[in-house]
Amino acid sequence: MRLQVDPASIGDDRFRVTVTDQAGAPVETQRVRLTFEMREMDMGENQLIATPAAQASYEVSGAPMSMVGEWQITVTVRRAGVRDVDVVFTVPVGE
């Protein structure tokens with residue numbers, strides 16, 4: 001799983017998640033959810049649901065990161081017939 005955040009700043013950002021198997025082939029998913037937590041201050045959690053954008057890629061835009069610092073983004077992928085997969089990313093956010 002790969003996460004791209006553009007521009008990784010306060011305000012609107014674009015989040016792209018790419019989901020492939022070990023060989024690089026696309027993985028069929030039912031849902032891709034991003035959960036945001038500020039690592040340096042308890043601000044609760046925000047969630048966004050990404051939608052299919054291209055083969056193996058899911059995108060969502062929004063402004064869930066409202067403060068400069070390190071944010072933890074947990075990407076949860078739901079697939080049919082198997083347990084959800086969570087991958088945690090740390091994203092530094094600038095102004």
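Restricting attention to region 26-50, the residues being more than 20 Å from VAL82 (Cα to Cα) and free of Cβ contacts under 8 Å to residues at least 24 places away in the same chain number 5.
Among the residues of region 6-17, the one identified as assigned to a strand (DSSP E or B) and either over 22 Å from GLU70 (Cα atoms) or free of Cβ contacts under 8 Å to residues at least 40 places away in the same chain (or both) is ASP6.
So, of the residues in region 54-87 that are exposed (fewer than 11 other Cβ atoms within 10 Å of the Cβ) and without any contact (Cβ under 8 Å) to a residue 40 or more places away in the chain, which turns out to be farthest from the chain's Cα centre (by Cα)? Per the stated criteria, the residue is GLY81.
Read-outs: derived from the displayed coordinates by stated rules, not from any lab. The structure presented is a predicted model; accordingly, all values stated were derived computationally and were not measured. In this analysis, Cβ positions are derived from the backbone assuming ideal geometry, glycine residues included, and neighbour counts consider all displayed protein chains.
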